[in-house]
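Here the structure is laid out as structure tokens; the discussion comes afterwards.
The values are calculated or read from the model by the stated rules, or taken from the named source; none is laboratory data. Just so it is clear, the structure is predicted and the values come from calculations on it, not from any experiment. Neighbour counts run over all protein chains shown; Cβ positions are idealised from the backbone, glycine included. We work out accessible area using only protein heavy atoms, side chains counted, and drop any ligands, DNA or RNA first. Shrake-Rupley method; radii C 1.70, N 1.55, O 1.52, S 1.80 Å.
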Amino acid sequence: MNIHTKHIFAAGLLTASMALTSCDFLDVVPGNTATIDDIYRTANMTEKMAQTCYDQIPNVFHPQRFPDWTAGNDFVTGSYGTMRWFHWKSLVFDQETPSNTFYALWSQSAASYPTGVQKADVWQGIRYCYNLINNADKVPDATEEQKNDWKGEAYFLIGYYHQIMLEYYGPIPLVKEELPLNAAPSTPRTPYDECVNFIAEQYDKAAALLPARQTTRSGRASAATALAYKARLLLYAASPLVNGNSEYYANFKNPDGTPLMNLTYDKEKWKRAMDAAKAAIDYCEANGYKLYGSATTDPEVGRKNYHDAFTGPNGVANSDNLNEILFGFGDQGTVSYNIKNIAPRMTKTGKPGYNGTGFRGYLTPTWDCISWYYTKNGLPWDDDPETKGKNPYEPVRLENGDTTALWNTNREPRFYASIGYDRGTYEIAGGKITLKCRRGEEQQNDGNTNNEYQTNNGYYCQKWVSSADKYDWTTQKYTCSKYVYPMMRLAELYLDYAEADFEYNGSLSEQSLAYLNKIRERSGLPTFQASWAKAGGIPTGDKLRQVLHQERSIELAMEGRRFHDIRRWKIADKEIMRSQKSWNLAGRTAKDFYQVTTAIDDFNGGVRQFTAPKNYWLAIPLDQIQVNKNLVQNPGY
């Protein structure tokens, strides 16, 4: 298992030895040579240096920090919070500029930043990695295995840090060596395809040096990690945003005229992505990685399989749970903070009332996300002959005599594992409760815009909450699940292969179907073939592409990947600009509550304004453009 946890070695030796004159690109080299020698004097100190190399990985699972988790139109914070606290809104509202950004990844030396700016010095992380590679062989008491581990991790992180920047900013300057202290920042951006090739090479180097699993060094990259990220990299590189996109990037060039994007579509990039996914899958499966749970036809077992793949059984991740995770983020402070803000409000008295303590329930799935989930037959609502033509929003009577929406019934197991809905059961506090989300009820949105911690649409997220999560009103203490956020898991590789196969061959091979069915059958769904047989057969062309995108969006919902998927698919400008729906949160009866509205989409702090090509990538910081005349700005800024 490979769980990235934040290792803090700021105090003492590393603070002194890594004295930095600045935190900008090409200016973050470790300083005092004698102290650097001290770092590599023992294996124990070198191990701390290797851990430090991970520390610039952005925390993308915190809802108030980086945009991955909450700006992908699948998971969102409440409408009432301001941009100052919920930075994803700066992207959706088109508030990011070269001189004003909430995301200080490229540079940390701008004249000013907005309150709440998030900083991760990626270039510094890369610099430390090269320093480790250049010194690892000098450690006198280290074994060859240790040296290979350190160098392999450093190569992986060099690739990974570059890939982070490539996904946020597009083409970037490549750092190919440990550069001299105070080197002049004159490096231009490298054409996109060259960036991809360089990063892929780092992953290959890492895979050759690292073990298949880190059995004694939990939280660290393995060969499986490196191969999986190579597959993700190449899938992105084959996608419409960056593969022959002359619409956006015809004039995107360096000052010397070098084109930064290949404007001619290359179908073979999909083949390269497919091959990389297959190589990663074969390697992972040969080394014991597997999906959590086993194939089942029982919907309840499927629901539990999928839910426990994230929270672990009874709210504690175990070895079976972690076998699916190829790289993860295990900061338990973030886990507990998020559970606090995901779980629905449960008042001290059981009666409605707003309180900032206890569970808050303001981090919720979007209406779009809720709409993706299949019916119990494994089909989209409008394709399933049992639901096609029916009004999904119609109130229906439950067996207990209460009422919910037809949409909330007869859905697939992943829906019930992931979504909490009005009059549905919700796993929490040692058992299950029945959610009551109408005005005047315990899990309501009370309509008071001063009370920002509230559901956006009448739904809640179940995916990251388990029965282990509790709040004690007497002690005012939380008891929370202990698990790992998957930054990369095996299911993604199966989806990578199927998408690349379709884009390259125009259909799904038996291998792709087998991979899709591993995912489906783990969650208690019929096979892809069996489901679509009910709807006249497996679709073709654009329809099949849409279905594959939906398969991916469901399986990876609320995991931070859709933020990047809708960009690489070149549909972010359409997806982000679509107003999100909600139940009528003022409704006190089923008849009034189950009316669809978009009123809640009027966000505090701005309105939706996402344009292409501008908002697909962040702006290069103005301070870097000013000191490096070879840097060209991203299109649209």
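Some notes on this structure:
- The stretch 408-431, residues that are among the hydrophobic types (A, V, I, L, M, F, W, C) and open to solvent by 10 Å² or more (accessible area, probe 1.4 Å): Ala429
- When residues of the stretch 281-302 are limited to those that are crowded, with 17+ Cβ neighbours inside 10 Å and β-branched (Val, Ile, Thr), the one nearest to Lys518 (Cα to Cα): Thr296
- Test: Ala405 is surrounded by 16 or more Cβ atoms within 10 Å (Cβ to Cβ), closer than 25 Å to Gly293 by Cα and small (Gly, Ala, Ser): no
- Candidates Tyr354, Tyr393, Tyr374: the one that is of a type in the set (Phe, Trp, Tyr), surrounded by fewer than 22 Cβ atoms within 10 Å (Cβ to Cβ), within 25 Å of Lys534 (Cβ to Cβ) and touching a residue at least 40 places away in the same chain (Cβ under 8 Å) is Tyr393.
- Exactly one residue among Pro173, Pro240, Pro255 is closer than 30 Å to Asp623 by Cα and either within 26 Å of the chain's Cα centre (by Cα) or not in a loop (DSSP other than H, G, I, E, B) (or both), and that residue is Pro173.
- Pair list, Cβ under 6 Å, 6 or more apart: the stretch 246-263 residue within 15 Å of Lys614 (Cα to Cα) and in contact (Cβ under 8 Å) with a residue 40 or more places away in the chain, other residue exposed (fewer than 14 other Cβ atoms within 10 Å of the Cβ) and of a type outside the set (Asp, Glu): none
- Among the conditions (1) among the acidic types (Asp, Glu); (2) farther than 23 Å from Asn355 by Cα; (3) at pLDDT below 95, Glu452 misses just one, which is (2).
- So Asp308, is it surrounded by fewer than 18 Cβ atoms within 10 Å (Cβ to Cβ) and closer than 25 Å to Gly288 by Cα: no
- Any hit, the stretch 163-170, residues being over 14 Å from Asn134 (Cβ atoms), modelled with pLDDT of 95 or more, open to solvent by less than 40 Å² (accessible area, probe 1.4 Å) and touching a strand residue (DSSP E or B) at 6+ places or on another chain (Cβ under 8 Å): yes
- Restricted to the stretch 457-498, the set of strands (runs of 3 or more DSSP E) holding at least 1 residues that are under 21 Å from Ser218 (Cα atoms) and in contact with a Gly (Cβ under 9 Å, 6 or more places away or on another chain) comprises 485-489.
- Hits in the stretch 40-50 (condition: open to solvent by less than 30 Å² (accessible area, probe 1.4 Å) and within 21 Å of Val122 (Cβ to Cβ)): Met49, Ala50
- Some residue of the stretch 290-308 being at pLDDT 95 or above, of a type in the set (Ser, Thr, Tyr) and more than 30 Å from Asn410 (Cα to Cα): no
- Per-region count, the stretch 65-95, residues more than 18 Å from Val335 (Cα to Cα) and either buried (at least 20 other Cβ atoms within 10 Å of the Cβ) or in contact with a His (Cβ under 7 Å, 6 or more places away or on another chain) (or both): 14
Conditions (1) open to solvent by 10 Å² or more (accessible area, probe 1.4 Å); (2) of a type outside the set (D, E, K, R), marked per residue:
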position	(1), (2)
Glu555	no, no
Lys570	yes, no
Lys574	yes, no
Arg578	yes, no
Trp583	no, yes
Thr589	yes, yes
Thr611	yes, yes
Lys614	yes, no
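- Some residue of the stretch 140-150 being buried (at least 23 other Cβ atoms within 10 Å of the Cβ), modelled with pLDDT of 95 or more and among the hydrophobic types (A, V, I, L, M, F, W, C): yes
- Total residues in the stretch 340-360, condition under 20 Å from the mean Cα position of the chain (by Cα) and in a loop (DSSP other than H, G, I, E, B): 1
- Annotation note: of Asp469, Asp446, the sole residue that is open to solvent by less than 30 Å² (accessible area, probe 1.4 Å), charged (D, E, K, R) and farther than 22 Å from Arg552 by Cα is Asp469.
- Of the residues making up the stretch 105-118, just one is free of Cβ contacts under 8 Å to residues at least 24 places away in the same chain and either farther than 29 Å from Asp601 by Cβ or within 19 Å of the chain's Cα centre (by Cα) (or both), namely Ser112.
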